[in-house]
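**Q** Got a structure for you, questions after.
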Amino acid sequence: MTAPRSPLPLLVIYTGGTLGMLETPQGLEPGGDIERRLYRALDGLPPTRRASLPSFEILAFPDPIDSSAATPRDWQRLAAEIAARYRDYAGIVVLHGTDTLAWTASSLAYQLQGLDRPVVVTGAMRPLEAEGSDALANVELALRFAATPALQEVAIAFAGRLLRGVRSRKWHTRVPLAFESPNYPPLGEWVGDDPVLYPGRGLERQQRGAPRFELPDYAPLARGGVARLVLWPGIDADQVAAWLAAPSLRGALLEIWGGGNLPQDPALLGALAEASGAGKLLAAISQCPVGDITLGHYAAGQGLAGAGVLAGDAMTPEAALTKLVHLLAQPLDDAERRRRFLTPLVGER
Ligand code: ASP
């Protein structure tokens with residue numbers, strides 16, 4: 001008789017962030033020795049909860065960062081590590097700084113399309129060793145959800161909730177309940193001592209066949225390839241034109257007013273049309289965090305579609321911008337990029 005196969009362990013990838021930071025004379029800085037520190041913290045859990053944790057291995061990036069320094073190259077590197085290793089693990093946990101955690105989670109979702117197991121991103125508002133830290137609870141939550149095979153997408157585990165990565169945003173600068181998913185309900189929650197996935201909210205039903213990872217080279221876009229332009233009252237067409245004319249710029253996300261409006265200024269629309277005509281990929285979402293946009297509902301938004309601007313529906317800025325980066329990094333023609341931008345790829349719209 002053959003012995004039963006032991007279940008695969010999880011892989012925990014440490015990239016930096018407050019969770020692993022240590023106090024220094026210059027303020028909090030990413031710290032090392034995460035493996036020992038993590039096990040020591042987990043050993044502080046009540047014995048039954050400690051015993052019910054899945055086993056895991058740790059991959060600590062040698063150069064942990066404050067995530068405010070992350071660029072598309074970091075998203076690419078992380079996706080490549082996961083793609084190279086995921087088959088040997090039941091699920092992946094990514095420990096990440098909270099500042100740009102939602103950007104990384106969104107980018108991972110596009111790069112790891114068709115994922116057949118959990119990738120759970122988490123972090124903390126206070127370091128592991130700080131008094132009253134949220135780090136241990138978030139790590140426990142992430143480990144438990146990462147061992148839940150029905151979860152087959154990139155999700156964020158934070159403050160007792162599991163959110164779709166590509167729908168999430170950092171929402172608060174201080175409190176532990178720091179992430180929200182403004183236009184999509186939570187995928188799951190911690191109930192009693194267990195992680196519970198809500199039925200019918202995950203991507204698992206769309207995942208057919210083998211994973212279809214797309215791991216294009218983000219490096220050419222990593223510095224200034226895609227811009228985020230948040231409109232303000234009194235914005236001048238020349239300012240927009242100057243941003244869009246940058247030779248390195250290949251796409252831009254515009255954050256416009258309310259349900260899809262911007263000033264009816266021919267010079268502004270002209271600047272947008274010129275950039276589109278030059279082959280730059282432009283998309284628009286609302287500055288309102290909740291709700292979607294319709295271009296042309298008001299006369300004030302009519303000109304956008306004519307200027308070649310794509311409607312981003314109710315996407316978060318993180319989901320829309322990382323999608324532009326992802327599409328622009330691939331060898332696609334303009335029509336196909338536009339089609340894919342308007343199509344939900346990973347539940348982002
Ligand atoms: N600045 C930190 C980071 O994003 C904040 C955090 O992790 O909470 O790396």
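Read-outs: derived from the displayed coordinates by stated rules, not from any lab. Source: prediction; values computed, not measured. A quick note on method: Cβ atoms are made from the backbone with ideal geometry, for glycine too, and the neighbour counts reach across all protein chains shown.
**Q** Which percent of Cα pairs goes in each bin when the distances of region 294-349 are cut into 5 angstrom slices starting at zero?
**A** Pairs per bin, as whole percents: 4, 18, 26, 24, 18, 8, 2, 0.
**Q** At a 10 angstrom cut-off on C-beta neighbours, averaged per residue, how do the peptides 186-195, 75-84 rank from highest to lowest?
**A** Top to bottom by mean Cβ count within 10 Å: 75-84, 186-195.
**Q** Right, here's the next one. Report the Cα centroid-to-centroid distance between region 218-254 and region 30-57 in angstrom, as an integer.
**A** For region 218-254 versus region 30-57, the Cα centre distance is 44 Å.
**Q** On to the next question. Can you sort SER52, SER106, SER276, SER68 from fewest to most other Cβ atoms within 10 Å of each residue's own Cβ?
**A** The order, fewest Cβ neighbours first, is SER68, SER52, SER276, SER106.
**Q** Right, here's the next one. Local charge sum around GLY260 (other residues, Cβ-Cβ under 15 Å, Lys/Arg +1, Asp/Glu -1)?
**A** With Lys, Arg at +1 and Asp, Glu at -1, the neighbours total -2.
**Q** Can you tell me what the convex hull of the Cα atoms of region 24-179 projects to on average, as an area in nm²?
**A** Projected over every direction and averaged, the Cα hull of region 24-179 covers 9.1 nm².
**Q** log₁₀ I(q)/I(0) of region 56-123 at q = 0.11, 0.13, 0.20 Å⁻¹, via Debye over equal Cα point scatterers, no solvent, to two decimals?
**A** -0.23, -0.33, -0.81
**Q** List, in order, the whole-Hz ³J(HN,Hα) value for each residue of region 191-200 obtained from phi through the Karplus relation with A = 6.51, B = -1.76, C = 1.60 and θ = phi - 60°; use x for Gly and Pro.
**A** So the Karplus estimates, Gly and Pro as x, are 10, x, 10, 9, x, 10, 8, 7, x, x Hz.
**Q** Select from GLN26, GLN302, GLN264 the residue whose mean-square fluctuation is largest in a Gaussian network model of the chain (Cα-Cα springs shorter than 10 Å).
**A** Maximum fluctuation in the GNM of the chain, among the listed residues, is at GLN26.
**Q** Students often check this: by mean Cβ neighbours within 10 Å, which of 281-290, 335-344, 216-225, 135-144 ranks highest, and how do the rest follow?
**A** Top to bottom by mean Cβ count within 10 Å: 135-144, 281-290, 216-225, 335-344.
**Q** How compact is region 138-190 by the rule of thumb for globular proteins, expressed as Cα Rg over 2.2 N^0.38 Å?
**A** Expressed relative to 2.2 N^0.38 Å, the Cα Rg reads 1.06.
**Q** Restricting things to alpha carbons, tell me how big region 169-326 is in terms of Rg and Dmax, in Å.
**A** Every Cα atom of region 169-326 included, Rg and Dmax give 18.4, 59 Å.
**Q** Now for a different question. Using alpha-carbon pairs under 8 Å, 6+ residues apart, how would you state the relative contact order of region 165-226 in percent?
**A** Value for region 165-226: 17 percent.
**Q** Determine Rg/Rh for region 42-81; Rg is computed over alpha-carbon atoms and Rh is the Kirkwood hydrodynamic estimate from the same atoms.
**A** Value, to two decimals: 1.17.
**Q** Residues with amide H under 5 Å of GLY91's amide H, sequence separation 5 or more or different chain, H placed in the peptide plane at 1.01 Å from N; which?
**A** LEU11
**Q** Does region 252-349 classify as rounded, prolate or oblate by the C-alpha gyration tensor (a ≥ b ≥ c root eigenvalues; a/c under 1.5 gives rounded; else a/b over b/c gives prolate, otherwise oblate)?
**A** Oblate shape, in that a/c is at least 1.5 and b/c is the bigger or equal ratio.
**Q** Can I get the semi-axes of region 139-233's equivalent ellipsoid? Compute them from the C-alpha gyration tensor as square roots of 5 times the eigenvalues, in angstrom, largest first.
**A** Ellipsoid semi-axes (Å, largest first): 27, 21, 13.
**Q** Which cross-chain or sequence-distant (5 or more) residues have an amide H under 5 Å from the amide H of TYR14, H modelled 1.01 Å from N in plane?
**A** Hits under the 5 Å cutoff: LEU59, ALA60, PHE61, LEU95.
**Q** Only Cα pairs within less than 10 Å get springs; with that Gaussian network setup on the chain, which residue of GLY31, GLY123, GLY277 has the largest fluctuation?
**A** GLY277
**Q** Using just the Cα positions, wrap the chain in a convex hull and report its mean projected area in square nanometres, one decimal place.
**A** The directionally averaged projection comes out at 19.9 nm².
**Q** In a GNM of the chain with a 10 Å cut-off on Cα contacts, which of TRP232, TRP103, TRP243 has the highest mean-square fluctuation?
**A** Top of the fluctuation ranking is TRP232.
**Q** Relative contact order for the chain using alpha-carbon pairs under 8 Å, separation at least 6, rounded to a whole percent?
**A** Here the relative contact order equals 15 percent.
**Q** Going by a ≥ b ≥ c, the root eigenvalues of the Cα gyration tensor, does region 1-106 fall in the rounded group (a/c under 1.5), the prolate group (a/b larger than b/c) or the oblate group?
**A** It comes out oblate by the Cα gyration axes.
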